[in-house]
1. Test each condition in (1) at pLDDT 95 or above; (2) out of contact with any helix residue (DSSP H, G or I) (no Cβ under 8 Å at 6 or more places or on another chain); (3) closer than 27 Å to residue B:258 by Cα for residue A:145 and report the one that comes out false.
2. Somewhere in the stretch B:167-176, is a residue in a helix (DSSP H, G or I) and farther than 25 Å from residue B:301 by Cα?
3. Determine which member of the set A:136, A:123, A:92 is surrounded by 17 or more Cβ atoms within 10 Å (Cβ to Cβ) and more than 7 Å from chain B (Cβ to nearest Cβ).
4. Could you say which residue among B:141, B:112, B:101 is in contact (Cβ under 8 Å) with a residue 24 or more places away in the chain, surrounded by fewer than 15 Cβ atoms within 10 Å (Cβ to Cβ) and either assigned by TED's automatic domain parsing to the domain that holds residue B:210 or within 24 Å of the chain's Cα centre (by Cα) (or both)?
5. Does residue B:273 satisfy being over 21 Å from residue B:141 (Cα atoms), in contact (Cβ under 8 Å) with a residue 24 or more places away in the chain and out of contact with any helix residue (DSSP H, G or I) (no Cβ under 9 Å at 6 or more places or on another chain)?
6. Return a yes/no flag: does the stretch A:60-82 have any residue that is outside any loop (DSSP other than H, G, I, E, B), within 10 Å of chain B (Cβ to nearest Cβ) and crowded, with 20+ Cβ neighbours inside 10 Å.
7. Using the structure shown, decide if residue B:122 is more than 8 Å from chain A (Cβ to nearest Cβ), touching a helix residue (DSSP H, G or I) at 6+ places or on another chain (Cβ under 7 Å) and over 30 Å from residue B:234 (Cβ atoms).
C-alpha cells in the first residue's frame, strides 16, 4: 500500500508542502462552506434554537416548521409565495432557453466562417465583457420605457437573450468542431441552417449546460431591479429580501427561502459539472 | 447546393471596372449574397445585442453631455456634468475612492484565489476534485444567499460573530459591524471575496486540466526542481488564454460592486462608508431621475472598467515571454 502510494507520487512534489497546501485548502474550504451550512441548519431550527445565546451552527431538533410557516405567512399576504417561485422559474427558464438558441445561432458563423464583419463583431463582444450591465442600466430603462416593456417579464427576459458571455463561451467551444465534419455535411447538400441544427448543435451540448449555469447565476437571483414594480411580477429574490427585512423574528423563514433558492442552482451544477469544465477549457482569450 | 451557388456567382457577376477587376461595392454585394445565411443566423442575437448593449453605451455617452430628466427635452450642457462630478460632488468622490480601494484589494486577491484554489484542487483525485470544486463554486451560484452574512455580522448579540467573540471574552458588548464605517468596507470585501470564485475559477480548473502532461516530465528532465518552478515556467505560460479571460471577469466584477454593499450596509450606508460608483449611479438614475448626470457617472464607470481591463490584458500578454 505504502509502495503503491509512493509510486503514484507525482514528480516535483514534497509531502511537507503538500500537507501545508492542503491544510490551506481545507481552511478556505471551510470558510466557503460554513455560511451555507449555517443557513441550511437555520432553516431546520425550531424557534427556540434560533434565539440561543451564543448562537449554534448545527441544528439539534430539526423541524419543517419554517417551511410550513413560509407558505402559511405568505398565503395570507397579497401575493402568495408560489407566485414568486413561478416568476423566478419562468424568467429563468424563458431567458435561458432563448439565450441558448440565439447565442448558439450567432456563435456558429463567428466560430466557423470568415465573412465580412466577423472580426469587428467578435471584438465588440469581447469588449462588452469588459464592462458590467450597470453601465447600460440607465439607457436600458429609457429603452424599456419607450418599448412599453416596463413592468413586464420581457424587460428581464429579452435582454438576457443577448448576454455577451454566453455567446463568447459558445463561440470558443464551437471552434473545436473539426472543419472536415462541416465540409462533409456541405458535400451532402446540407444548408447552413441544417448544418447548424443537425451537426453543430448536438456537438455543443456541454456548452448548452454551461450557458444554463451562467444564465441561472444571473437570472435565478434577479430581483427585477427597477424594471418590475408590480408585486405579482416580482421574483423570489425580492420576496426573500422582504422576509429578511423582517429581522430576527423571521430568521428561520428567511433561511427556508434561502435553502429553496440555493438548491436549484447547486443541484444543476452538480449534474452538469463535468460538461461545464469541458466547455471552460476553451474559454481562453487568444489575443 | 453547390450548383445553385455556382449559378448565383455567375448569374450575378458584377460589372467589371476598366482594369477588369470587380469594384469594391460589387465585391461587397457578392460577399453579402454568398454569406446571407450566416447573417440570418447572426441577426436575432446581434439585433438584441445592439439594442441592449451597444446602443445604450452610445446614448449614455451622448446624454452625459446633457441635462435630462425623462420629462423635458434634453438640454446640451457640454462638460458641466463631468466638472460637477469631479469638483462639486463629494459623495461621488467617496464612492470613487471606495470603488478603487475595493477593486485594488478584491480584484487581485480574488483573481489569485481563483487560480491558487484551482491549482490546489487540480492535484486531487477526480472525485475529491469535483467535490471541492462544488464547495468553492457554490457561494457564487447560490443566488443571493449572501444575505446570511448580514446575520453573521448582525449588530446584536444574536449575530454569530458577536456571539462568538463575546463568548470567548474578546468582546464585552456587541459591535455594530455593518453600521460602523470602520468595518463596513472590510466586511463587504470579505463577502465579495466569498462570492468571487465563479466563472474564472471554473475556467482555471478547466485550463489546468488541458496543460500538456508531457511538458511536466520534460521540465523535470530539464531541471525543474519543485512545484513552484513548475508553476512559473510551465503551468502559467500554458494557461495564458484562460488567465486573460479570468482577468476580464474578475476586474469587471470587482469594479461593479453594489448589490452586496447595499444588501449588507444599506442604502445609503452610514457616512457613505459603503458607497460605490454603481450605488451613486443608481441613486441619480433610479431615484432622482437626473438621467444626464447619471449617464456621466455611467460613462466614468465605463471608462474605468474598459481602461483597466485593456491595461491588464496588455500586461498579461507578457506573462512567460
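1. Only one criterion in (1) at pLDDT 95 or above; (2) out of contact with any helix residue (DSSP H, G or I) (no Cβ under 8 Å at 6 or more places or on another chain); (3) closer than 27 Å to residue B:258 by Cα is unmet by residue A:145, namely (1).
2. So the first thing to find is which residues in the stretch B:167-176 are in a helix (DSSP H, G or I), and the list is B:167.
Among the residues that remain, those that are also farther than 25 Å from residue B:301 by Cα are: B:167.
Yes, the stretch B:167-176 has at least one match.
3. Working: A:136 fails: more than 7 Å from chain B (Cβ to nearest Cβ); A:123 fails: surrounded by 17 or more Cβ atoms within 10 Å (Cβ to Cβ).
Only one candidate qualifies: A:92.
4. Working: B:141 fails: surrounded by fewer than 15 Cβ atoms within 10 Å (Cβ to Cβ); B:112 fails: in contact (Cβ under 8 Å) with a residue 24 or more places away in the chain.
Answer to the check: B:101.
5. Values: over 21 Å from residue B:141 (Cα atoms): yes; in contact (Cβ under 8 Å) with a residue 24 or more places away in the chain: yes; out of contact with any helix residue (DSSP H, G or I) (no Cβ under 9 Å at 6 or more places or on another chain): no.
Here the answer is no, as residue B:273 does not meet what is asked.
6. Here is the first cut: in the stretch A:60-82, the residues outside any loop (DSSP other than H, G, I, E, B) are A:65-76, A:81-82.
From what is left, the residues that are within 10 Å of chain B (Cβ to nearest Cβ) are none.
No, every residue in the stretch A:60-82 fails to be outside any loop (DSSP other than H, G, I, E, B), within 10 Å of chain B (Cβ to nearest Cβ) and crowded, with 20+ Cβ neighbours inside 10 Å.
7. Details: more than 8 Å from chain A (Cβ to nearest Cβ): yes; touching a helix residue (DSSP H, G or I) at 6+ places or on another chain (Cβ under 7 Å): yes; over 30 Å from residue B:234 (Cβ atoms): no.
So residue B:122 does not fit the description; no.
To keep it simple, each residue is scored yes or no on (1) crowded, with 17+ Cβ neighbours inside 10 Å; (2) within 18 Å of the chain's Cα centre (by Cα).
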{"position": "A:201", "(1), (2)": "yes, no"}
{"position": "A:209", "(1), (2)": "yes, yes"}
{"position": "A:229", "(1), (2)": "no, no"}
{"position": "A:241", "(1), (2)": "yes, no"}
{"position": "A:269", "(1), (2)": "yes, yes"}
{"position": "A:279", "(1), (2)": "yes, yes"}
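The values are calculated or read from the model by the stated rules, or taken from the named source; none is laboratory data. Everything quoted here is computed from the prediction, not taken from an experiment. FYI the Cβ positions are ideal-geometry reconstructions off the backbone, even for glycines, and counts take in every protein chain you see.
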